[in-house]
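*Asks:* First, the structure itself, so that you have it in front of you.
The values are calculated or read from the model by the stated rules, or taken from the named source; none is laboratory data. Treat the numbers as computed from the prediction; the structure is a model and nothing was measured. Here Cβ is always computed from backbone atoms with ideal geometry, including for glycine, and neighbour counts include all displayed protein chains.
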Amino acid sequence: KKIIFILGMPRSGTTLVEQIISNHKNVYGGGEIPILGQVFFEKFKNNNQLNKNNEISINFYNELIDIQKKYIEQISIIDNSQKVFTDKAPLNFRWIGFILSLFPNSKIIHCKRNKIDNCWSIYKNNFAGSINFSNNLEDLGFFHNLYEELMSFWNNKFKDKIYNLSYEDLVSNPDAQIKLLIKFCGLDWDPNCLESHKNTKTIKTVSFAQARKPIYKSSVNSSSKYFKYLNKLKSVLKS
């Protein structure tokens, strides 16, 4: 089964991108699938899977195969057709190396956004659970720095496997950007992708209202009105 992973910071445009792609006639939008984050977090929290040479043990490779099977089983319950499947769990950016090992034919779409706009958008929404860093501006800044460092590493390691999509570019020139995006996904062109707001798929994120509207640009520079209140964030973020 061909899988498209849509990832990045929360509030970076992942829901919009999934709405665009899953409006294609040959794509099923799976939403946020939590299993990879849950499994890898438990593996690294409870076990030392590296030997003294920083090489992953043989046992862990066997466990990766088991993870692959569990993931396929879970998404097959959601959609058992031959359609391309999208997974838009944003924090999967932490596991890109493992994802490409488990699913070498998958596509990785990295959604990125102006860092201050992005962090402000996270902060003003009431996130919980796995996004515990979201209610403190300094914590948000430190997390965003770690995210940028990790994405720089992944892009250097897998530069041909990752499509970096700027939110600002997407909303400023949607027709051109969407055509490039669909081409990267290896899909035939479908004009329905230009009308993502007509996608009837259930949206279970804080972006549900925005995703039902035609693509708009009003969220660009959305933090500018609050700039003087974001000094803690700006002092932490790397330039």
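*Asks:* Quickly run through the range 11-29 and pick out the residues that are surrounded by fewer than 22 Cβ atoms within 10 Å (Cβ to Cβ) and within 26 Å of LEU64 (Cα to Cα).
*Replies:* Within the range 11-29, just TYR28 meets the criteria.
*Asks:* Can you pull out the residues in the range 1-19 that are in a loop (DSSP other than H, G, I, E, B) and within 9 Å of the chain's Cα centre (by Cα)?
*Replies:* Matches in the range 1-19: MET9, PRO10, SER12, GLY13.
*Asks:* What are the residues in the range 26-43 that are in a loop (DSSP other than H, G, I, E, B) and more than 15 Å from ILE4 (Cβ to Cβ), if any?
*Replies:* At the first step, the residues of the range 26-43 found to be in a loop (DSSP other than H, G, I, E, B) are 26, 30-34.
Correct list: PRO34 only.
To keep it simple, each residue is scored yes or no on (1) of a type outside the set (A, V, I, L, M, F, W, C); (2) without any contact (Cβ under 8 Å) to a residue 40 or more places away in the chain; (3) outside any loop (DSSP other than H, G, I, E, B).
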site: TYR147; (1), (2), (3): yes, no, yes
site: PHE153; (1), (2), (3): no, yes, yes
site: ASN156; (1), (2), (3): yes, yes, yes
site: TYR163; (1), (2), (3): yes, no, yes
site: ASP169; (1), (2), (3): yes, yes, yes
site: ASP175; (1), (2), (3): yes, yes, yes
site: LEU180; (1), (2), (3): no, yes, yes
site: LYS183; (1), (2), (3): yes, yes, yes
site: ASP188; (1), (2), (3): yes, no, no
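*Asks:* For the range 61-86, name all the residues that are touching a strand residue (DSSP E or B) at 6+ places or on another chain (Cβ under 9 Å) and modelled with pLDDT under 90.
*Replies:* LEU64 - this is the single residue of the range 61-86 that is touching a strand residue (DSSP E or B) at 6+ places or on another chain (Cβ under 9 Å) and modelled with pLDDT under 90.
*Asks:* With the checklist (1) more than 19 Å from ILE6 (Cβ to Cβ); (2) surrounded by fewer than 16 Cβ atoms within 10 Å (Cβ to Cβ) in hand, flag the one item ILE116 doesn't pass.
*Replies:* It fails just one condition, (2).
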